[in-house]
Amino acid sequence: MCHETARPLTFESLLSDPLTRLVMDADGVTLDEFAAIMRAASDAVAARGRPCVMRAFAMQLATSARA
């Protein structure tokens, strides 16, 4: 995904990306299946009890871009 401005990645923005949708269609992945796996991944990260490095880095970038 290519973003011109720094903004948080959401399910909506990910699913509106044409490349993401093409890959999902090619693999036969439905929106419900994709949402389920993303929830499972989110739960697994939360269960680790430590912050996700990528998320912390993204938040740092977003904060510095606003300044």
Report task. In nm, give the distance between the simple-model label positions of Ala40 and Leu9, each being 7 Å from the Cα along the Cα-to-Cβ direction. Result -> 1.9
Query - Order of Arg39, Arg21 under a 10 Å beta carbon neighbour criterion, fewest first - result: Arg39, Arg21
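Just so you know, all these numbers are worked out from the coordinates, no wet-lab data involved. If you're wondering where the values come from, they're calculated on a predicted model, not measured in any experiment. Please note: Cβ atoms are built from the backbone with ideal geometry, for glycine as well, and neighbour counts cover all protein chains shown.
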